[in-house]
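Below are the structure tokens for one structure; questions will follow.
The values are calculated or read from the model by the stated rules, or taken from the named source; none is laboratory data. Just so it is clear, the structure is predicted and the values come from calculations on it, not from any experiment. Because the Cβ atoms are built from the backbone with ideal geometry, glycine has one as well, and the counts that use them run over all protein chains shown. Quick note on the areas: whole protein, heavy atoms, side chains included, nothing else; ligands and nucleic acids left out. Shrake-Rupley method; radii C 1.70, N 1.55, O 1.52, S 1.80 Å.
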Amino acid sequence: MYPFATDLQVSDKNKSPNYLPVRQKGNEFSWASVTGLVLGSVLQQGLQDFTVEAFRDECRAEFKDLLNEPGVWEWLDHMYFSNHAVLQVSPLFLLFKAQKAARSEHEDPAANQRMSDMFSGLLAGFTLPEKPDDNLHFLEQVMLDVLVRRLSPLESKGRPRERPYLPFLTEAFQRDMQFLAAYPQYLMSELTNTLKLYAFSYCSQLSLAVRDWRRGTPQPKELYFILDVEKASTERDKIRERGYRLLASTAKELFPVLSAAEVLQTEGLQRPLWQIYADAQEHGDQQALVDALNDYIGQFATSRQLAAPPLAETLEDAFKQFVVLALRQFDPGKSERHSVNQRYARELENKIFADFIQFRGRAGNILALNQDQLLLLTNLAIGRNDKLRFFELLREFQQRGFFFDNQSQQVLIEFFERMGNVERMSDSGEAVYVRKTV
């Protein structure tokens with residue numbers, strides 16, 4: 001298999017990268033709709049033009065046959081439908097939000113679909129074998145049965161269009177979805193927050209990994225957070241150097257590199273740049289690949305009015321020059337392109353990263369988790385286990401892209417102790433266990 005497109009054509013425009021859920025504008029995500037779309041992808045089920053009002057009518061007809069006293073339906077109608085409380089009965093009712101009929105006129109369906117597609121790629125084809133077991137009482141089970149009769153397979157919708165860029169994060173996300181499915185009420189309350197957490201984690205880790213294409217399959221990159229109750233001293237090197245400042249710097253490289261890599265894609269599932277490079281290394285005619293890339297790089301430099309680099313002699317050098325030129329075209333003063341890239345970075349910060357950024361005076365912007373975000377992350381990390389050793393918990397945090405320095409680790413233990421979900425066997429760190437709160 002040829003590792004990249006055989007006919008590399010230089011375009012005047014920079015393509016919108018599939019691996020990135022934001023665009024330079026039009027990123028007003030409706031997280032309720034995104035949640036419905038993602039749940040539909042995981043279940044491979046959806047609703048078609050089935051409104052809550054139509055559902056109410058079908059429930060009324062169903063209960064008319066089952067109940068002898070008409071007054072019972074009036075009571076159910078008031079309790080479940082007058083305030084849409086029925087939508088809190090089961091996670092399956094979140095699927096109402098995925099329908100076109102349920103969207104508000106202010107929603108941007110294209111933005112919601114892009115975000116949903118990002119999660120489909122991250123899930124990598126993962127589906128739940130069974131619907132969540134809601135353990136409902138008789139009346140609510142009847143309502144759920146009415147809904148289930150209207151579910152239909154998604155067919156090709158919700159299927160991934162690319163291979164995972166961050167396999168370590170895919171593995172964690174799949175485990176977390178399995179965990180949430182085992183606790184339907186927790187799934188109902190926290191699925192949207194889980195998706196926001198992973199949107200941040202995916203985009204931040206992607207920005208740290210996008211230029212590291214030579215090292216093969218990406219591993220979690222250090223990105224340091226503090227708790228929002230902590231002081232952010234300027235003397236904490238990791239918080240200062242490998243926190244917000246690092247993220248803001250690398251986020252500017254996401255669009256240029258991912259957009260440039262679009263030209264290398266072939267038919268079928270899209271591949272990360274590191275995968276394309278790995279495939280190229282396995283190809284039998286390395287010189288043909290180097291020659292093809294040299295031709296493209298020369299044409300690209302001319303198109304963007306950049307100084308052409310010397311001809312690469314190795315595949316690694318050719319890929320290096322490919323990435324360097326992809327970035328250089330967005331340097332300040334390069335026509336409108338610099339502004340376009342700035343808008344991409346700004347949208348990332350405002351629409352994806354904002355919930356995790358705090359301004360702390362002299363320390364400037366830092367990355368921080370509030371207590372709700374930390375508890376959710378902790379429950380996801382412990383998952384199907386009852387408890388984890390503290391150092392195991394930190395390792396699970398890191399697999400999801402969240403790192404803490406020694407000072408924050410002490411604050412974490414104090415926080416868990418105040419919550420009452422710590423078992424301390426001794427004063428040593430290895431003997432501290434943390435339980436989940438679900």
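Which ³J(HN,Hα) values in Hz, rounded to whole numbers, follow from the phi angles of segment 285-290 under the Karplus curve 6.51 cos²θ - 1.76 cosθ + 1.60, where θ = phi - 60° and Gly and Pro get x?
Couplings: 10, 5, 5, 5, 5, 4 Hz.
Report, by chain and number, residues whose modeled amide H sits under 5 Å from the one on residue 154, excluding near sequence neighbours (fewer than 5 apart, same chain).
For residue 154, whose amide H was placed from the backbone, the distant partners under 5 Å are 45, 46.
Compute, for segment 326-371, the length of the dipole vector about the Cα centre, with Cβ point charges of +1 (Lys, Arg) and -1 (Asp, Glu) only. Units Debye, rounded to 20. Numbers along the way, then the final one.
On the way: 8 positive and 5 negative charges, 27 e Å.
It works out to roughly 140 debye.
For segment 285-438, list log₁₀ I(q)/I(0) at each q in 0.12, 0.13, 0.19, 0.21 Å⁻¹, using the Debye formula over Cα point scatterers of equal strength and ignoring solvent, two decimals each.
For segment 285-438, the Cα-only Debye profile gives -0.75, -0.78, -1.08, -1.24.
Let me ask something else. Among 81, 290, 121, flag the residue with its Cα farthest along the positive direction of the charge dipole of the chain, charges on Cβ as +1 for Lys/Arg and -1 for Asp/Glu.
290
With a 10 Å radius around each residue's Cβ, average the other Cβ atoms per peptide and rank 355-367, 40-52, highest first. Write down the numbers at each step before the final one.
Working: 355-367: 16.3, 40-52: 18.3.
Listed from highest to lowest mean packing, they are 40-52, 355-367.
Assign unit charges at the C-beta atoms only (+1 for Lys and Arg, -1 for Asp and Glu), then state the dipole size of the chain relative to its Cα centre in Debye, rounded to the nearest 20. Could you put the intermediate results ahead of the total?
Values: 51 positive and 59 negative charges, 237 e Å.
Rounded to the nearest 20 debye, it is 1140 debye.
Rounded to the nearest Å, what's the spacing between the alpha carbon centres of segment 33-98 and segment 105-154? Just the number, please.
13 Å
Same structure, new question: Count neighbours as other Cβ atoms within 10 Å of each site's Cβ, and list the GluC sites (Glu not before Pro) in segment 41-129 that are DSSP loop with at most 15 such neighbours. Mind dumping the intermediate values first?
On the way: sites: 53, 58, 62, 74, 105, 107; in loops: 105, 107.
Passing both the DSSP loop test and the Cβ count: 105.
Let's see if you can work this out: charge +1 on each Lys and Arg Cβ, -1 on each Asp and Glu Cβ, no other charges. What is the dipole magnitude of segment 1-150 about its Cα centre, in debye to the nearest 20? Walk me through the intermediate numbers first.
Numbers: 14 positive and 21 negative charges, 149 e Å.
The calculation lands at about 720 debye.
Can you tell me the accessible area per residue over the chain, all protein chains present, probe 1.4 angstrom, in square angstrom? Show your work: numbers first, answer last.
Numbers: 20790 Å² over 438 residues.
Result: 47 Å² per residue.
May I ask for the net charge around residue 146, where only other residues with Cβ less than 15 Å from the Cβ of residue 146 are counted and Lys, Arg are +1 while Asp, Glu are -1?
On the way: positive: 56, 60, 64, 131, 149, 150; negative: 53, 57, 58, 62, 65, 77, 134, 140, 145.
Charge balance near residue 146 sits at -3.
Let me check I've understood the local charge: for residue 73, count other residues with C-beta under 10 angstrom from its C-beta, Lys and Arg +1, Asp and Glu -1. What total comes out? Mind showing how you got there, number by number?
On the way: positive: 60, 64; negative: 62, 69, 74, 77.
For residues surrounding residue 73, the net value is -2.
Here's a follow-up. Assuming R0 = 25 Å, what is the FRET efficiency of residue 65 and residue 189, from their Cβ-Cβ distance, to the nearest 0.05? Write out the running numbers ahead of the final one.
On the way: r = 33 Å, r/R0 = 1.32.
With R0 = 25 Å, the Cβ-Cβ based efficiency is 0.15.
By how many nm would the segment from residue 372 to residue 23 lengthen if fully extended, with 0.36 nm per residue of separation less the alpha-carbon distance?
Values: separation 349, 0.36 × 349 = 125.64 nm, distance 2.87 nm.
My answer for the length gained is 122.8 nm.
Please name whichever of 198, 188, 167 sits farthest to the positive end of the charge dipole of segment 85-200, dipole taken about the Cα centre and charges placed at Cβ: Lys and Arg +1, Asp and Glu -1.
In segment 85-200, that residue is 167.
So what are the three principal axis dimensions of segment 48-137 from its Cα atoms, in whole Å, longest to shortest?
50, 34, 19
Would you mind pulling out the separation of the Cα centroids of segment 172-238 and segment 324-342, in Å?
Comparing the Cα centres of segment 172-238 and segment 324-342, I get a distance of 29 Å.
For the charge dipole of segment 264-397, defined by +1 on Lys and Arg C-beta atoms and -1 on Asp and Glu C-beta atoms about the Cα centroid, which residue among 324, 371, 272 has the Cα displaced farthest towards the positive pole?
371
Select one label from (i) 25.3; (ii) 20.2; (iii) 21.5: the one whose number is mean projected area of the Cα convex hull in nm² as derived from the coordinates shown.
Calculated mean projected area of the Cα convex hull in nm²: the matching label is (i).
Highest first, please rank the peptides 240-249, 142-151 by the mean number of other Cβ atoms sitting within 10 Å of their residues.
Values: 240-249: 18.7, 142-151: 16.3.
Highest mean packing first, the order is 240-249, 142-151.
Here is a further query. Quick one: with all protein chains in place, what share of the accessible area of the chain is carbon or sulfur, to the nearest percent (1.4 Å probe)? Walk me through the intermediate numbers first.
Details: 9430 of 20790 Å².
Within the chain, the accessible surface is 45 percent carbon and sulfur.
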